[in-house]
Each structure stands twice: as structure tokens, then as C-alpha cells.
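Please read the structure below before turning to the comments.
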Amino acid sequence: MTSPTLSIVSELAEIVGPANVLTDLDVTAGYVTDWTGHWRGHTEAVVRPGSTAEVSAVLATCHRLGIRIVPQGGNTGLVGGSIPMEGEIVLSTQRLTRIERVDVVDRTLAAGAGVTVAQAQDAARQHGLDLGIDLASRDSATLGGIVSTNAGGIRMIKNGNTRKQLLGIEAVLSDGRVVTRWKELVKDNVGYDLPGLLAGAEGTLAVITRVLLRLIVPAPRTQVALVAVSTVGDALRLVDRLERAGLTLEAAELMTRTGVDLVRRHHDLRAPLAVDSPLLLLVEVSGQRDTQALLLDILEKAGEAVLDAAVEEGPAPKLWRYRESHTESISAESSTPPVKLDISTPLREIEQFLTTLTPGLTEKFPNVRAVCFGHIADGNLHVNLLDVQENERERVTDFVLRHVTRHDGSISAEHGVGRAKAPWLELGRSPQDIDLMKSIRAAIDPAGLLNPHILPSR
């Protein structure tokens, strides 16, 4: 690897302007540390192009000099995938913020990769539409970032992941060539699905600069219920009853007593329900006009499976706060940067996974605390491990990820592999699968300049 020099900084400044090449350590500090606070790298320059043409020129220059690049969006990732751990230049998309068009006929949104999820939502909602993806980090997470990680979020059970929302893409290859696949068509079977390939590639194949996303028609009214249950099985059966009754499941989130108590402590909140249950299920549903009456009837007929419940008309921010405050409360509570493991299991395995996880951790790592929550209807759980000492992080991660594989799960459900899980890639993919991914990567970026230390590299 050729180290960045004053020469390359000067060349980059000629492309994007001196104000958009950051070298001061105080200024670049926010670009070299991830959201968890654990992954801390270093860079000699952060370059912020303002257009696809500038991204192309930056990558062509770095390619000519053999300089490696780490693409970065809102830097809200939890696996260290956008951090320059070995001095790579950071290519930030934060200036690619143009919302080009909201098409109300084809129900699409065309926008720059640096547009945040919240900004895209606001633009769509002005036309009575909405983005199919929503997540707690909506104010910081960017469209390029959620495409690069194939984010799921809290609405995935209804709308699918980001790849399902992606109709078109513009991206720049490591040598500066621009690839544009841009069709406002839900049916287009000409050749390989390049947008689908780049979605989830974590910036290893190209730098995404523009995206074309399908939009959805939001439900005119929703009902939100916070339900106390005793077991995961009770929660899953309740979700099943809601869907079988004809209600549309907008979201279904599982929380534990431990997590809710932590949120209450850090946000000075009262107990949400009169019953102190081991688990809380937060569901948001839509459907017919008497949705609330039907929801209340289902809750009542569930009998002893429902210990207590509170129902409010959506969006019900007070009820959602108990779920969406988990991440920041966990970070504030842990004495060390928390180990955050985003995993999934088949629905039939969730209960066994959770009931055996904590005893296993306690036996091997008595000082580590676990807080689990997540999207129960699609099997995606966020395992958060608090008070993990630096010399134990690898062992604790290994324990949890191997526990996941014993329950037929995935080591990464929606945040990507990044640096955090790269050593365990073989737990989620066969040798033949990994070899094929290496071949694809080598064909598209033969010099290995883009995000070189994550996913399968040569």
C-alpha cells in the first residue's frame, strides 16, 4: 500500500476543493471512530466529493497511486466496516445530499447516497408516500449506507430489506469507472442484478453515489400495543393470531425485562405496564377501520398468554420510546464499548437460543451482562454484551456466534460483517461460497483498493 502523501492530498484538493479534504486530527476524529466507540482507526485524509464525477476522479487518482479507500456514509455502523483501521483514505458521501425526485406515479425516490433516511422519509411523506425502511438511527444513517449494508430495520417484516426497495443504482468502481443501472421498473430481467449485488457489499465492490428506491403507501392508521408476555412462544403465537385475523403486521419487537429496566433508568421513565413480566412485545398493526377493536379482542382472547397490555393509536412515540432507546441506554450503561452482535435464527429456535445464551455466558464470562432485543417476527435479535474487557472481546464474540450457528442462525442479520465478524465468516458461508465471493471481488476490484479488510479478501 502506498501511504498518502502531501502530493495525493494536493491532488484530491484540486478535485473536490481544499475545504473538502480534511487532514486535521481534531476534525477527522469523528470519521475514524465507529458508533460503538470500539473501532478506532486513523487516516491522513478524509475526502468529501460533491458529485459522482468527483467520486470518479478521486477513485481514479487513488487507483493510479495504489492508495486504498474506505467509503463512509453516516458512520452509524456497528461492526467497524467504515473505519480506516490501517490508514486508508476515507471517502465520505456526506455531500451527496440532493433529493432529485419523488415520482408519485411510479412511487420512486431518486437521491444521492448521502441523503439520510429521515430526509428521504420527509420527502416521500410530503407526497403521501413513505420509505420502506425505517430504523432508530434514521437521522444519521444514509441511503448509501443502508444499501451497502442491506439494512433491515423495524419495518422489514412488512416491506422487506433494503435490497427489496432498490430499483436502481449509480456507483463508481475502484478505477473510477461509473456504473449506472437506473430503471424505474419492478420487472427488468436483463442480465445480472447489479444493484442487488452491490446491496450488502459493504463498499467492497464500488462506491455508491446515487440510489433509486421504491416507495410505499403507508397505512392511514395504525394501532400500537405493548404487551407483557411470559415466553417467546407466547409472543410468537400472538403475532400469528394478529396476522391470521387479517391485520397487517407493521412491526413486531421483543424486549426483555433487563433491557426495559435499563432504558427506564437512563431515561427516567415509569414502568410501562402494571405487571413486571420477563418479556415485552411491541407490535404495530394496520388493517380495517375497526383495527383497535379487533386488536383488543385478540389480546383479550389470548387469555393467560397476555399478562397485561397497553394500546395506543400509532405512531405512539411514548410506547416506541421503550424500544428505540435501547441502543443509547446500553452504551451509557456499559463500562466498556459494548459488543454488539446482530444475529438471526429461525423463529422456532429463538426461545431456545435466548434461554441457553445467558447461562452459557454467565458460566464462561461471569462479569459480562447480556441485553437482547430485536425484530422477533423475522428472527433478528440484537445481542448486546456489556462490560466486556478488551482481552475478552474475541472469546465472547466467538462464544455467541458459535451459539448462533448451533441454532441454525446467521452471524449477521442486517448490519453486515465489517471488521467485527470477518474472522467468523466461515461460520456463515461454505468454503465454496467464500471462494466465489473472492472471485467476484477480485474481478471487480482486482487491485483490492476498496475497503480491503472486510468480507472475503484474497
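Here is how the numbers come out for the structure above:
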quantity: Spatial separation of Cα centroids for region 90-119 and region 123-173, in angstrom; calculated: 10 Å
quantity: Taking the chain and dividing mean pair separation by its residue count, relative contact order in percent (alpha carbons under 8 Å, at least six apart); calculated: 15 percent
quantity: Beta bridges per DSSP with both ends in region 6-92, % antiparallel, nearest 5; calculated: 30 percent
quantity: Calculated FRET value between V179 and T23, using beta carbons and R₀ = 25 Å, to 0.05; calculated: 0.25
quantity: Contour minus Cα-Cα distance for T97 and V190 (0.36 nm per residue); calculated: 30.5 nm
quantity: Contour excess over end-to-end distance, with Cα ends at Q292 and D408 and 0.36 nm allotted per residue; calculated: 38.1 nm
quantity: Extension gain (nm, one decimal) between L436 and T336, 0.36 nm per residue minus Cα-Cα; calculated: 32.3 nm
quantity: Computed helical MRE - 222 nm, the chain, DSSP H runs ≥ 4 contributing -39500 (n - 2.57), nearest 500; calculated: -9500 deg cm²/dmol
quantity: Farthest toward positive dipole pole in the chain [+1 Lys/Arg, -1 Asp/Glu at C-beta], among A136, L296, V178; calculated: V178
quantity: Alpha-carbon centroid distance for the pair region 264-323 / region 14-55, whole angstrom; calculated: 43 Å
quantity: Mean Cβ neighbour count within 10 Å, used as a protection proxy, ranking 237-243, 164-170, 255-261 highest first; calculated: 164-170, 255-261, 237-243
quantity: Those lysines that a straight Cα-Cα span of less than 21 Å connects to K318, excepting residues fewer than 8 apart in one chain; calculated: none
quantity: Net charge dipole size for region 334-431 [Lys, Arg +1 and Asp, Glu -1 on Cβ; Debye, nearest 20]; calculated: 120 debye
quantity: In Hz, Karplus ³J(HN,Hα) per residue of region 98-106 (6.51, -1.76, 1.60; θ = phi - 60°; x = Gly, Pro); calculated: 7, 8, 6, 6, 10, 9, 7, 7, 7
quantity: Anchor K183: lysines whose Cα lies under 20 Å away (excluding residues fewer than 8 positions away in-chain); calculated: K164
quantity: At R0 = 41 Å, FRET efficiency that the Cβ-Cβ distance of E300 and H266 yields, to 0.05; calculated: 0.75
quantity: Whichever lysines have a C-alpha closer than 23 Å to that of K340, once near sequence neighbours (fewer than 8 apart) are set aside; calculated: K364, K421
quantity: Pair-distance profile P(r), taking every C-alpha pair of the chain, with 20 angstrom steps and integer %; calculated: 24, 55, 20, 1
quantity: Size of electric dipole in the chain: Cβ of Lys, Arg +1 and of Asp, Glu -1, about Cα centre, debye, nearest 20; calculated: 600 debye
quantity: Shape of region 354-458, Cα gyration tensor, a/c cut at 1.5; calculated: prolate
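No value in this document is a laboratory result; all are computed from the given coordinates. Since the structure is predicted, the reported quantities are computational estimates derived from the model, not experimental observations. No Cβ is skipped: glycine too gets one built from the backbone with ideal geometry, and neighbour counts run over all protein chains shown.
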